[in-house]
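The values are calculated or read from the model by the stated rules, or taken from the named source; none is laboratory data. The structure displayed is predicted, hence computed values, not measured ones. Here the Cβ is made from the backbone with ideal geometry for all residues, glycine too, and neighbour counts use every protein chain on show. For accessibility, only protein heavy atoms count, side chains too; no ligands or nucleic acids. Shrake-Rupley method; radii C 1.70, N 1.55, O 1.52, S 1.80 Å.
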Amino acid sequence: MANDLFDLAIIGAGPVGLFAQYYAGLRELKTALIEATPQLGGQITALYPEKNILDVAGFPGISGRDLVKKLQEQANLIDGKTFLNSNVTNLRKQDSQFELEINNHALITAKSVIIASGNGSFSPRKLSVPGAEEMFQAGRMRYLLPNLAKSPYQDFTVVGGGNTAVDYALELIEHDKQVHLIHRRDRFRALESSITKLQQNPLATFETPNKIVGLQISDGRLAIQMQNIDDDRLQTIVTDQLIVGYGFTASSASLDLWETLPVKINNGFVTDPTQMTSIPGIFAVGDASSYAGKADIIASGFGEVPTAANSAVNYFDPERGGPAHSTSLNLGEFHD
Ligand SMILES: Cc1cc2nc3c(=O)[nH]c(=O)nc-3n(C[C@H](O)[C@H](O)[C@H](O)COP(=O)(O)OP(=O)(O)OC[C@H]3O[C@@H](n4cnc5c(N)ncnc54)[C@H](O)[C@@H]3O)c2cc1C
């Protein structure tokens, strides 16, 4: 990682960062796409994978999940490097290059940077009950699904009532795992067809309306104490692993610690008409970019990407020229 000099480092693999990786590939830039979480798709994947998105050009309606899949397919057409689980904990300008510190140690060096970090990096909402930290340390509680093909466990419990929890439960039954679903209400805030799928599958059982009040190891397995919301009755279920599906929160705290930090207004970096921030060589797109009249939607971010990528080329290689139509970029001859 340390020895490579990239033309462009893109911070954040939300929808806009993914499109930036693809567009940079069309301009034959050596690009590193760096994402704090283990998953691609930013807010879409974390918050609304099932929503039918109506305002992306070319799609009368597309689910969040399918849009991210299409963006991934498109990005896979070009030769870019993607680093997951890689939080950019520091960014500094060193002579004419930029150094990006990843998870406080590894370094990526680039000639230019596009910030596509949205509202910040996501972290899972935590379960706070007695025993939670110990069970996390012991590997009996997780906030993300483990690699199910390799998991030694057969019996899982998922807690939560939204898309995250329901998606986790569906993934588990698809791997033939037993799932107990704990939620404080009888109703779930997720796609009806997903709930129906779970209700019709004998591998899934619903433990509602309950909240978790304690966790401990019992005879080598995980004992989950639950309290019924309606009548306060206490009950214990024994399982192999608990997956907390409370969703994610975004925080820009790690960005604010960067040594080279462009000017921000509210949550966004102030950008000029070339998408450049207050620091030459650093550009911002998507929800991370702020200017008068800005709409924080996917379509605006997509529109900002070519401007930012072409401005980045002009910054580190002004002789090169551009922008051009995609058909005259690395795809050979111009066809009309
Ligand atoms: C509930 C909801 C519904 C919405 N519905 C629509 C809709 O219908 N249509 C529409 O157009 N828009 C919609 N939006 C807005 C849309 O989701 C955002 O405009 C869009 O996600 C912005 O994309 P982005 O790539 O700029 O940022 P994000 O999607 O926020 O992605 C940013 C990525 O950067 C990563 N990151 C952040 N900091 C770091 C760091 N330091 N190091 C490494 N990685 C980092 C994050 O983990 C994240 O993956 C909706 C938003 C919400 C919350």
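Here is how the numbers come out for the structure above:
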item: Backbone HN-Hα couplings from phi across region 113-129 [Karplus 6.51/-1.76/1.60, Hz, Gly and Pro as x]; result: 9, 10, 8, 10, 8, x, 8, x, 8, 8, 9, x, 5, 8, 8, 10, 9
item: Nearest-20 debye value, the chain charge dipole, Cβ charges on Lys, Arg, Asp, Glu; result: 520
item: Descending Cα extents along the principal axes, the chain, whole Å; result: 72, 44, 39
item: Per-residue ³J(HN,Hα) for region 95-112, Karplus 6.51 cos²θ - 1.76 cosθ + 1.60, θ = phi - 60°, Hz, x for Gly and Pro; result: 6, 9, 10, 10, 10, 10, 8, 10, 6, 6, 9, 4, 10, 10, 10, 8, 7, 8
item: Dipole axis of region 1-156 (+1 Lys, Arg; -1 Asp, Glu on Cβ), positive-most option in ALA75, ALA9, GLN39; result: GLN39
item: By accessible area with a 1.4 Å probe, ligands and nucleic acids excluded, highest first: order of SER128, SER194; result: SER128, SER194
item: Extension gain, LYS126 back to VAL238 (0.36 nm per residue minus Cα-Cα distance, nm); result: 38.2 nm
item: Most to least accessible of TYR291, TYR48, TYR168 (protein chains only, probe 1.4 Å); result: TYR291, TYR48, TYR168
item: Carbon plus sulfur fraction of accessible area for the chain, probe 1.4 Å, in percent; result: 49
item: Distance between modelled label sites at ASN52 and GLN97, nm, 7 Å Cα→Cβ extension; result: 5.0
item: Using distinct alpha-carbon pairs, which all enter the 1/r mean, Kirkwood radius of region 126-246 in Å; result: 14.2
item: Stokes-Einstein D (µm²/s) once Rh is taken as the Kirkwood radius of region 100-193 over alpha-carbon pairs, at 4 °C in 1.567 mPa s; result: 79
item: Debye equation applied to the C-alpha atoms of region 39-154, log10 I(q)/I(0) at 0.15 Å⁻¹; result: -1.01
item: In sequence order, calculated HN-Hα J values of region 273-288 (Karplus, 6.51, -1.76, 1.60; Hz; x Gly/Pro); result: x, 9, 6, 7, 7, 5, 9, x, x, 10, 10, 9, 9, x, 4, 7
item: Estimated [θ] at 222 nm from DSSP helical runs (n ≥ 4, -39500 (n - 2.57)) normalised by residues in the chain, nearest 500; result: -7000 deg cm²/dmol
item: Kirkwood Rh and Cα Rg combined as Rg/Rh, region 166-207; result: 0.91
item: Cα-based reach from LYS177 at 20 Å (exclusive), listing lysines while leaving out same-chain residues under 8 positions away; result: LYS150, LYS197
item: Amide H within-cut-off set for PHE83, under 5 Å, with H built and near neighbours excluded; result: LEU33, ILE34, GLU35
item: Computed FRET value (nearest 0.05) for LEU107 with GLN72, which takes r as the C-beta separation and R₀ as 25 Å; result: 0.45
item: Charge dipole magnitude, Cβ of K and R +1, D and E -1 - region 126-246, Cα centre, debye nearest 20; result: 220
item: Helix 298-316 vs. the chain, principal-axis angle (Cα, 0 to 90°, nearest 10); result: 40
item: Point-to-point label distance, ASP219-LYS30, nm (Cα→Cβ direction, 7 Å offset); result: 5.9
item: Hydrodynamic radius (Kirkwood) for region 11-87, which is based on Cα pairs only, to one decimal in Å; result: 12.6
item: The chain, accessible area per residue, ligands and nucleic acids excluded (1.4 Å, Å²); result: 48
item: Order of exposure, largest accessible area first, which applies to ASP231, ASP7 with probe 1.4 Å; result: ASP231, ASP7
item: Most fluctuating residue given options THR196, THR31, THR239, as computed from a GNM of the chain linking Cα atoms under 10 Å; result: THR196
item: Between helix 163-174 and the chain: long-axis angle, C-alpha atoms, 0 to 90°, nearest 10; result: 70
item: Region 260-299: mean projected area of Cα convex hull, nm²; result: 2.8
item: The chain: angle of helix 15-26 to the longest principal axis, Cα-based, in degrees nearest 10; result: 40
item: Spin-label model distance (nm) - PHE59 vs ARG184, 7 Å beyond Cα toward Cβ; result: 3.3
item: Cα coordinate range in region 196-261, projected on the principal axes (Å, largest first); result: 53, 32, 27
